[in-house]
Amino acid sequence: MAAATQSLSLSKPSPLSPPLTTTTTTTTTRYFSSFLSDNTPRKPLFITSSKNNPISDIILSNKPKQNDDDFFINDDDKPREECGVVGIYGDSEASRLCYLALHALQHRGQEGAGIVTVNNNVLQSITGVGLVSDVFNESKLDQLPGNLAIGHVRYSTAGQSMLKNVQPFVAGYRFGSVGVAHNGNLVNYRTLRAKLEEKGSIFNTTSDTEVVLHLIATSKHRPFILRIVDACEKLEGAYSIVFVTEDKLVAVRDPFGFRPLVMGRRSNGAVVFASETCALDLIEATYEREVFPGEVIVVDNNGIQSLCLMSHPQPKQCIFEHIYFALPNSVVFGRSVYESRSRFGEILATESPVDCDVVIAVPDSGVVAALGYAAKAGVPFQQGLIRSHYVGRTFIEPSQKIRDFGVKLKLSPVRAVLEGKRVVVVDDSIVRGTTSSKIVRLLKEAGAKEVHMRIASPPIIGSCYYGVDTPSSEELISNRMSVDEIRDFIGSDSLAFLPINSLHNMLANDSPNFCYACFSGKYPVEPRELKVKRVGDFIDDGLNGSLEQIDGGWVQANRNTKEVNAPTGL
């Protein structure tokens, strides 16, 4: 494949800090032997360290499945983003900057975190289950010297987060070693994995990210960058990926640009890649541009090189980044998330007005849209619901059942704001409808005279296969009920969604560049397999068996999709 290239200048990286001693009791040297396909002498390729609580894992894994009325802190009836990625080249404190950037991206995944750095041509990795602050501390970061690093925060959709599935992944093959952190979801994962297994590949996880590593290792091309291009040409679906080798940082975005990835630069010349600009802001890196759909960017001592992965079609960027996932202070797909959400609220106030006394939001994702609604409607915005930021992943529930316990634990109504008032409550989306019904009931029990729900997105009728964890289409309330039926189900006095045509008009010339599959059921990349892997990983450590035997990890693909009988395309 002929790849167009472009070279840009890059300041020389800061000198490496003196290597720090690695604590041998918490690290192990490993070989990824399944990638070695010849008799090339093996050398230590990378060092890994992991942090986990095995007792906690045992307790949680044997916990009975909770029903819909039970409170489960990670199941709050919202779509879930899979993860966030960071890459840094040219700063002697790369691991600490990566740690801070992951903090800024913590909203994109709270189940696991990891960092890989390069020191003396050895990739060193620390990963763990939990929040960034749970996994890393000063002593851990001291074990990660170097001026080159990548990082990852992860969200898992089913079962417990198992340590072996926490990224970045690091592997060795006959030409060196490579680390990878991936945001997205591959719709041809089963096909690719089956073909690779037929050729002898051995998989250690259920993550589609591992497929990418195997494709790189088995590529016939010699230069690493061409191995990446060769591998990515076989992938279908969504992927924004950062790779690290002994001397290179590489960023790749799929041809449709489903998931975001931006590039910035620090004042010392260090280059930074991140899922959102909020990560750049925290580490004082200046936003330069997006990684273009279908682009591969290579950063090394020679500067920055840009290659065209393949001729790319019309971009199909995830509209839910602007509706829910990204932080309001981020710029995503070249647009301010704050301004987008404010406009969503203004549209609702214009097209679905109602006589009301106060506008409130479902915090935190509904706040900006509610501010836009209130400003346009000329009605005061107040905090009618207070969110608790101190709710952990586990809790002790009283033996006497309390109705709506989970919602009450997270959201507290303010009676002084609500009592006797006609209330408009703005939320970003409705998925199953269960949380919305509980919120309406809370508001009315707190004295609200009327409750009018306004949703700052169109109705969700289809599952996402591109890196967003949504329920199956049968579970989506808007796929089963009309707006009036949903209103009756949640108990509100009125209900209105953001009209899809108004969303298109607001985006103007950018409208064709977004993906609306969850609102329309029309998929830019149709899944070629009858069942598609849910976002995240679902196989527990030590569990053996075929992929088909694992419950909870697969969702039915689009009903118009036919099963592929024979894997193709490798």
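Count charges around Arg96 for me, please; just the other residues with Cβ under 14 Å from its Cβ, Lys/Arg as +1, Asp/Glu as -1.
-3
Leaving ligands, DNA and RNA out of it, work out the accessible area of Thr286 with a 1.4 Å probe and give it in Å² to the nearest 10.
90
Once phi is turned into θ = phi - 60°, what whole-Hz ³J(HN,Hα) does the Karplus curve with 6.51, -1.76 and 1.60 give for every residue of segment 143-153, x standing for Gly and Pro?
Each residue of segment 143-153 in turn: 7, 10, x, x, 9, 9, 8, 10, x, 8, 10 Hz.
Amide H of Glu288 versus every other amide H placed in the peptide plane: which residues, excluding those fewer than 5 positions away on the same chain, fall under 5 Å?
Correct list: Met263, Gly264, Arg265.
Just to confirm, what accessible area per residue do you get for segment 84-313 at 1.4 Å probe, in whole Å²?
27
Using a probe of 1.4 angstrom, how much of the accessible area of segment 84-313 is carbon and sulfur, in percent?
47
Using unit Cβ charges (K, R positive; D, E negative) and no other charged atoms, how large, in debye to the nearest 20, is the dipole of segment 349-489 about its Cα centre?
Using only the charged Cβ atoms, the result is roughly 480 debye.
Express in nm, to one decimal, how much length is gained between Asp230 and Ser133 on full extension, taking 0.36 nm for each residue of separation and deducting their alpha carbon distance.
31.3 nm
With a sphere of radius 12 Å drawn around the Cβ of Arg441, what net charge do the other residues whose Cβ falls strictly inside it have (Lys, Arg +1; Asp, Glu -1)?
Neighbour charge sum, excluding Arg441 itself: +2.
Can you give the net charge of the other residues whose Cβ lies under 14 Å from the Cβ of Glu346, counting K and R as +1 and D and E as -1?
Around Glu346, the charge tally is +2.
The values are calculated or read from the model by the stated rules, or taken from the named source; none is laboratory data. Just so it is clear, the model here is predicted, and its values are computed rather than measured. FYI the Cβ positions are ideal-geometry reconstructions off the backbone, even for glycines, and counts take in every protein chain you see. The accessibility values were calculated without ligands, DNA or RNA, using every heavy atom of the protein model including side chains. Shrake-Rupley method; radii C 1.70, N 1.55, O 1.52, S 1.80 Å.
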